[in-house]
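What follows draws every value from the coordinates through simple rules; no lab data is involved. Since we're looking at a predicted model, the values are computed, not measured. Using ideal geometry, Cβ is built from the backbone for each residue, glycine included, and neighbour counts are taken over all protein chains shown.
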């Protein structure tokens, strides 16, 4: 229920931003256009956000027997968790990382980077996959992919409004309203990135601890996931995700931009050291 309420909050936030942008561009008529656009975006965010996120990362579907048994490993973990088999994807990126997505366990997917397969051994990989399947079981994936889609849309709005403000805004004489809209556009250019950052902070860090604990139980050995987190974190410092964006950083098992000190201040992930410490205190099954 908590994640559902957050989803509604994010959809409402997007609607408000689009309507504000519409007002800045076209007054009262622009509000109507913004509202119509928000309805379309809300529908797309709920039903297609997972596909949008996977497409953003150029993810490619993995079939049974492919990628050295990756599909079969996910299948075994899903069976242990008593979940439907999620789709499996590979992301062509050398930085090791992984995420889960989908609006519910019946429409879920697990995506891993090519770099993850080349960095971890089989036990560590199983720990990572168990963590991602746990996100599906905990129903974290809907809020994650909706937030990623909305944050991307908000950043696009910010970029668009900055350019409009630079070129003098858009007149609203047809509505007999004052001003050219330049001030409103500048305000949107400032507010939109802040709103995107707030979305990142609204994703609870506690969900990572919960997925770690459940994932350790699913794979049977907390050290497998602890070792994987250590390797992924160390590799990400020198090899950040190539095609990634801060709008989707919260979805990954480890912040893919952890090498950036500035972005680290706004990380939605708990410190890796704390996650490892908690894992090592868990009993081995």
**OP:** Could you work out, for the stretch 38-79, what percent of all Cα-Cα pairs fall into each 5 Å distance bin, beginning at 0 Å and stopping at the bin that holds the largest distance?
**Re:** 5, 20, 16, 15, 18, 12, 7, 6, 1
Original post:
Based on the mean of other beta carbon atoms within 10 Å per residue, what is the order of 270-278, 63-71, 248-256, most packed first?
Top reply: 248-256, 270-278, 63-71
Original post:
Between Rg and the Kirkwood Rh of the stretch 47-133, both from Cα atoms, what is the Rg to Rh ratio?
Top reply: 0.93
**OP:** Sort largest first and round to whole Å: the equivalent ellipsoid semi-axes of the stretch 69-110, each the square root of five times a Cα gyration tensor eigenvalue.
**Re:** 19, 13, 8
Subject >> Additional length obtainable on full extension of the chain from residue 33 to residue 278, 0.36 nm per residue less Cα span >> reply: 83.3 nm
Subject >> For the stretch 91-136, average projected area of the Cα convex hull in nm² >> reply: 3.1 nm²
Original post:
Can you give the convex hull volume of the alpha carbon atoms of the stretch 1-149 per residue, in Å³?
Top reply: 106 Å³
Subject >> More than 16 Å apart - percent of Cα-Cα pairs taken over the stretch 7-84 >> reply: 67 percent
